[in-house]
Each structure stands twice: as structure tokens, then as C-alpha cells.
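Here's the structure we're looking at; comments come further down.
Here, each number is a calculation from the coordinates, and none is a lab measurement. Predicted model only: the values in this text are computed from it and were never measured. Quick reminder, even Gly has a Cβ in these numbers, built from the backbone with ideal geometry, and neighbours come from all protein chains shown.
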């Protein structure tokens, strides 16, 4: 059985308003399952827009967004929301966590919105809390006192690890990380990415890593610049 | 349900502002209900002033005027009724009993009322309750007096004490009937009606103290002592008004017509219930104004909630974007914000209700002793439930405003947070 690609974009066009210039025009882009890909782009290059299209939060003006074989731009709004919570885990730049929830509540949050991820997380007969604790332990967050502290009191690095555990719980097929390391110093950056790789390997998730930081791209199997696939940035439209 | 528990946790995280909102909603709700209760109970107590009396008869004037001076002891009669007219109607075959009332004198600003012993037998207030004695017994002699409860309380009078009646009803009177003191023989139990503020004596007593008076002045050289007065004929020549109890209610209008058409003297008979209603309607404006003010206070409380929620919304855009990325639908975001206002108004209303009952428990004895107003501690009335429901629903509807804004934000922001 041929592997269905994780992500397939076909002739994708996007503009915020019809009187504004096009932000994205990607004729063709594909990511295979299990791949770790680094997408480089300066701020304002349309990175966040691309991610919101992949997540199904925004819809392309024209073209096709296929995620795991599903053409998500043809799904209804609520189906897209479901699809996102079932199959994609997100890690953002900063302030990733819900301040009024505990560490464990933050980690298990995706399972409140997705039955599928809840089932996957508890498949081996463990409770959701056990699974969250296991993930945190893998990310060097085993310390009990850390887990019970309010998330606002954690260091930036610790917060990012909690966010990572949240993105990974219930083994989503795709993990999208949007500048997750920009708030970390360079030693922590490397360590963080290694942990992220390790976890994605274990759950055989596809990793989409978006950043402007060239130093990191050598760590990835495949790296591209957004400008290479995006026509408006190349100035020939 | 997951969203509601998130809303609760989020509220708990902002417990300081949330509790301020709760306090303002709870206070305004308890104020609204308190005013409503006070309004209903004062209306009831007002309607309870007199009962069992079918007609009140006095000299011809206005119905409300007659009610005010005969029942509430407010203002003065325009004219008297002759003893003969009173006699004639009290012997009417449809009349079961009558209570004569003679007003005009006072004691330290409490009105003195001349009547007879039938008063204690037939007078009814509230739900047909008759007068009972706190101490002592009814009068049976000319110089005996029975005090209302409040008179005895305020002036600290006891049975056996002598009191002097002043001429006229003013607060300070310069002419006193100090040659004919009265002895207190009884003190009535509290009723919460003007009876509590009345000093009762026999009609003959009123007659006796005025025996040597002509045209409102004591005539010099014609002084009659207390003992001498007893020897004279003390049948009054006139009274101020009288209360009528009929053998059958069906005869009410017939007797009323007879009184109003009486040829020898211009008289007026009123149905106390109808006149009470008319009087209350006069006060309806103030009553509605008060209710209006408390409704506005509730509105201010709810607008306070709206302000705080709208102000906090911008800070929470990040939180909502994260939730969106985790699969929360825009509808969830709407529910998250609206659920908060739902929780706030429900809890606020509940605390308000508890506050109301707490303050009722605390103030009930005081209000009863000071104002003669009994505030029963009962479950909320249908009208009160309706008010509570209205506050809750308004809270929910107001919550839709920030809810809708959050919904719009979450559609526009998506997952990219521009802060």
C-alpha cells in the first residue's frame, strides 16, 4: 500500500482580502509521513498564514490543502476543527500554556477536544494522567514539585517542554512547531530539538518545524525556505 | 461540559475581579428582593389595619379623609355626628354592632380616642384578629384609660399610672385637662396598626373632661371637679365617627345608601377595603419609583459585569487562540465566555437570595418592634422567582455580548496571535 503523504498542497492561493496582494501561491508542496522538515522564513513571509491553512483555521482562496489524504478545505468548519484536534499537535513560540490550568491539565487539554487522541493516549490501559506524566518524564519534567507548580511559575524552557508534551499526547500524526525555540538560549535549543525528535520518532509523527533560525536547519533531514516554494515571494506574479 | 469546567477554572483564576462582580450582583439582587418584600409586606400590613368592619360612617367629607382620621388617626374630622344619628343607625335591624369613635384630644402627641367596651369585643385587624391585653383589662369607669402597646413602650407607662390628657391634637398643647387625671387600667398587645399608638377611654370620659368647657375653652368660675362631673349626665352629644358591623354582608350597599341618603344630617359611609385600596393607589407612584430605582441598581450591577468581561477579553485572545489550535470550535469560545457570565449571574443571584434571608433574619425583630411591620421569612413568591429569573436571563444575555466579540476574534485571529 503506497504511503499517503502527510501534507499535499496543490496550486494553493491565499489573500487576506481581494484588494490586497496575494500572500501565498504555492504550486506544489509535499511532506511524506514521518518526515522531519524545517521550513525557514523571515517574519512576515507568510509562515503563520501557511500554518493556519494547514490547520484548517483559514481557507485558501483557491487550490487544495490535503492533510493525511483528506482535502480539508472542502470540510465544514466544525469538521475541520475536529480534524485538527484529532491529527495535529501544535507548539507555539511563547506563552503556549493556559495560565489557569495546572501542568497536567495543560498537557491533557487536547484530549478534552478529541476523543480519538484520548483513546490513543489511554490505549495501553493507562490513565490520561499516567500518560501525561510519562511524556513529561521523557522531557525531563519528572519532578513532582515541578508538575504541581502553577504553569506561570515555570521557566520558559520548562513551559516549552510542557507545551511539547501537550502537542504529543495521543500521538497525533502531525506535529507543527512554530518558532518554538526563539525564547530559548542556544544550548537549550539543541537539547529541546533533540527531545522533540526523540518523541516524534516514538510516536512516528511527522514534524513540521518553522523558524527563521538557520543554525537549526542542519539538524533536520530536509530543509527548505518558504520563498523557494512560494511564488509571490519570488516576485513573478 | 469540558468548556464549562474551563470557564469555571478561568474564573477561579481571576477570583478577585470575579468576586467583586459577584458582590455587586448579589447586593443588587438582595436589594431588589428586599424592596419587593418590604413593598408587599407594607401593603399587606396596610390592608391589615382594619378588618371585619363593613362600613365606616362619619360626617360628609371625602372617603380617604374619613378613613385617615377614623382608622389611621391622621388629620381631623371636618364635622361631628350627632348622638341621635348614631343611635338611630346603631339600632338598625341590619346592623350587628357599632363602635363609636370620638377624637380630638391627645396625650404627648398620642391621640386619645373615646369609645365604649364594644371596641374590645368587635374591633378586628389583620386576618380578623381581635384585640388582646398585654397587661390589665378593659376600662369600666369614666376615668380609666387603655393604652396601645407603643404608647406604653415609648412613654414607659404601667398599669395603675395616672395620665393627664391635653386638649387638642397638637404635639405641644398649652391647655391640659389636668383637673381630671385618668388611670391606666390596661395595655393592649402589639398589633402593628394605629391602635398601638392610641389611648382609649370611654366616651363618658371625653364628655366629663369637657363638661366645664364652652367653645374650646375652660370657662372661668364654672369649674366642675372630677367628682362633680360624675354626677352629671355624661351621654355625649356628638361623636366623630363610628364603625359598623352588619349581620349580613349582602346588606352592605343597602345600609351604605341609607346612611348617605340620611336627611337629618349629611353623613358618609365608606367601605374600608375600597378606601384602603384608593389610599394605597395614591402611594403607588412612590412605590413604583422605589422599585424602578432598585431595577436600575441591578442593571448597574450587570453592566459592571459586562465592563469587566469586555475589558478582560483582549488579554484573553491568546488563551482563545491556543484553545482554537487544540481543536476548540468558535462555538466553544462563545460558550467559554458566555458560560462565565452564566456562572457569575447564577452564583450572584444565589448569594443575593442568601443575603436577603440573612438580613431578614437579622432585622425581623427590629423592624417589627420599631415599625410594627412583620416580615415573614417565607420561600420566594412567584413574582420574586420571576424577578430572579429575569436577572439570571439578563446576565446570560449580557454575556452574549463579550461572547460574540470573542467569537469574532477567534474567527479573525485563528491561531496567529497579534498582541
Distance histogram for the range B:277-385 (every C-alpha pair counted, 10 angstrom bins, percent rounded to whole numbers): 11, 25, 28, 17, 12, 6, 1
Normalised per residue, the volume of the convex hull around the Cα set of the range A:7-234 (Å³): 122 Å³
Stretch gain in nm, segment residue A:142-residue A:64, where the contour uses 0.36 nm per residue and the Cα spacing is subtracted: 23.8 nm
MRE, 222 nm, helices only [DSSP H, n ≥ 4, -39500 (n - 2.57), over the protein assembly as shown, to nearest 500]: -15000 deg cm²/dmol
Relative contact order (%) - criterion: Cα under 8 Å, at least six apart; region: the range A:7-234: 30 percent
Cα gyration tensor category, rounded, prolate or oblate, for chain B with a/c compared to 1.5: prolate
Average beta carbon contacts from partner chains per residue of A:160-167, 10 Å cutoff: 1
Average Cα contact separation per residue, the range A:31-149, under 8 Å, 6 or more apart, as relative contact order %: 15 percent
Beta bridge orientation in chain A: antiparallel %, DSSP, nearest 5: 45 percent
Most mobile listed residue (B:34, B:327, B:358) in chain B, GNM with C-alpha springs under 10 Å: B:327
Relative contact order of the range B:55-270, pairs being alpha-carbon contacts under 8 Å that are 6 or more residues apart, as %: 32 percent
Most fluctuating residue given options B:79, B:44, B:288, as computed from a GNM of chain B linking Cα atoms under 10 Å: B:288
B:45, A:43, B:341, A:48 arranged by Cβ crowding within 10 Å, fewest neighbours leading: A:43, B:45, A:48, B:341
GNM top mover of B:183, B:265, B:207 - chain B, alpha-carbon springs below 10 Å: B:265
Cβ-based exposure ranking for B:332, B:144, B:176, in which fewest neighbours within 10 Å come first: B:176, B:144, B:332
Rounded D (µm²/s) - the range B:55-270, Kirkwood Rh over Cα pairs, Stokes-Einstein at 4 °C, 1.567 mPa s: 73 µm²/s
Share, in percent, of DSSP beta bridges within the protein assembly as shown that are antiparallel, nearest 5: 65 percent
Residues residue B:117 and residue B:43, FRET efficiency given R0 of 35 Å [Cβ-Cβ distance, rounded to 0.05]: 0.60
Between helix B:2-13 and chain B: long-axis angle, C-alpha atoms, 0 to 90°, nearest 10: 70 degrees
Over the range B:68-110 - Rg/Rh using Cα atoms and the Kirkwood inverse-distance radius: 1.05
Shielding of B:153-161 by partner chains, average beta-carbon count, 10 Å: 0
Residue mean of other protein chain beta carbons inside 10 Å, A:81-92: 4
Cβ-based exposure ranking for B:223, B:88, in which fewest neighbours within 10 Å come first: B:223, B:88
Principal semi-axes in Å for the protein assembly as shown [√(5λ), Cα gyration tensor, largest first]: 91, 24, 19
Modelled FRET efficiency - R0 30 Å, residue B:315 with residue A:43, Cβ distances, 0.05 increments: 0.85
